[in-house]
Amino acid sequence: MSTVTAPGRPSRLSHVVADSVTMLRRNLLHMVRYPGLSVFVILGPVVVLLLFVFVLGGTLGAGLPGVDPAGGREAYLAYVMPGILVLTVASAASGAAITIAMDMTEGITARFRSMAISRAAVVAGHVVGTTVQAVIAVTLVLVVGLLVGFRPTAGVGEWLALAGLLVLVSYGVNWLGVAMGMQARSVETASNLPLVLTLLPMLGSGFVPTGSMPTALRWFAENQPFTPVIETVRGLLLGTPLGWEPVIAVGWCVGFVVVGYVWSTALYERRSVRGA
């Protein structure tokens with residue numbers, strides 16, 4: 001027998017969507033009122049980009065295959081930009097972990113549990129809010145990259161595909177970040193757990209070719225989640241061969257979303273039952 005929603009009573013789905021929008025608005029206002037964390041998430045990758053390009057770029061670029069040492073910095077800027085973009089997205093998960101941990105430890109989430117608010121919406125608000133931060137950070141990194149000499153060859157279709165991929169990656173890693181923040185028992189611990197997501201892009205093909213790594217590290221770099229994402233970003237921006245990398249990248253992103261959603265909602269339900 002099908003269930004019919006009573007006239008004038010919102011469906012469960014519309015209730016979740018409305019609550020999610022409310023929680024998103026709350027998290028966006030939190031970004032404005034407490035800008036310190038947002039500044040770190042948004043400006044931190046720009047500092048990393050400038051450091052690698054202007055301090056290390058000349059030497060690292062000269063070591064790239066087929067590169068004239070005289071043009072090492074420009075070549076390295078083109079090589080490292082995809083890795084910096086993915087690092088920007090991954091590092092935003094720390095912001096998601098910290099903000100949800102603050103809510104958990106300060107009692108805000110406990111207050112939400114006593115209200116008629118969808119539990120999924122409380123978590124989703126943090127995820128989408130941090131995804132917005134990541135999009136702003138990625139945009140700023142791209143603008144700075146263009147100003148210092150990055151010249152992508154992407155067309156309109158590639159730019160749209162790139163935007164979709166980076167939003168999907170951000171959405172996935174932020175679900176993981178929220179779950180890590182809920183798993184932590186303090187804000188300090190929550191700030192440390194997502195560091196693994198920040199380190200993984202640096203241990204892939206984003207900063208140096210995997211062929212230059214020792215055998216064991218090379219195997220890890222070529223098979224970890226962020227390398228296919230980086231290679232897909234590189235292919236979209238610079239026209240390098242894509243192969244199966246986009247399919248593998250999207251598969252990893254979907255896995256992030258599923259694992260993060262199941263993990264975070266399970267933790268929320270457990271704490272709701274325990275009242276902790």
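Please tell me if residue 224 is surrounded by fewer than 24 Cβ atoms within 10 Å (Cβ to Cβ) and at pLDDT below 90. No: the conditions fail for residue 224.
As a summary of the residue check, residue 268 satisfies the conditions (1) over 30 Å from residue 155 (Cβ atoms); (2) of a type in the set (Ser, Thr, Tyr); (3) within 19 Å of the chain's Cα centre (by Cα) except for the one numbered (3).
Which residue out of 209, 214 is closer than 16 Å to residue 80 by Cα and out of contact with any strand residue (DSSP E or B) (no Cβ under 6 Å at 6 or more places or on another chain)? Walk me through it before giving the result.
On the way: 214 fails: closer than 16 Å to residue 80 by Cα.
It is 209.
On the basis of being over 20 Å from residue 79 (Cα atoms) and at pLDDT 90 or above, does residue 200 make the cut? Here the answer is no, as residue 200 does not meet what is asked. Residue 93 falls short on exactly one of the conditions (1) assigned to a helix (DSSP H, G or I); (2) modelled with pLDDT of 90 or more; (3) farther than 16 Å from residue 47 by Cα; (4) not hydroxyl-bearing (Ser, Thr, Tyr), and that condition is (2). Return yes when residue 217 is over 29 Å from residue 181 (Cα atoms) and modelled with pLDDT under 95 and no when it is not. Spelling it out, it is not the case that residue 217 is over 29 Å from residue 181 (Cα atoms) and modelled with pLDDT under 95. Taking every residue in the stretch 197-226 that is touching a residue at least 12 places away in the same chain (Cβ under 8 Å) and over 20 Å from residue 255 (Cα atoms) and pairing it with any residue that is in a loop (DSSP other than H, G, I, E, B) and aliphatic (A, V, I, L, M), at least 6 positions away or on another chain, the pairs with Cβ-Cβ distances below 8 Å are 209/64; 217/203. Entry remark, the stretch 182-232: residues being in contact with a helix residue (DSSP H, G or I) (Cβ under 9 Å, 6 or more places away or on another chain) and not in a helix (DSSP H, G or I) number 15 in total.
The number of residues in the stretch 31-79 being among the basic types (Lys, Arg) and either within 20 Å of the chain's Cα centre (by Cα) or modelled with pLDDT of 80 or more (or both) comes to 1. Of note, residue 208 does not satisfy the criterion of being farther than 26 Å from residue 60 by Cβ and modelled with pLDDT under 90.
The values are calculated or read from the model by the stated rules, or taken from the named source; none is laboratory data. Here the structure is a predicted model, which means the values were calculated and not measured. Virtual Cβ from ideal backbone geometry, glycine too; neighbours counted across all protein chains shown.
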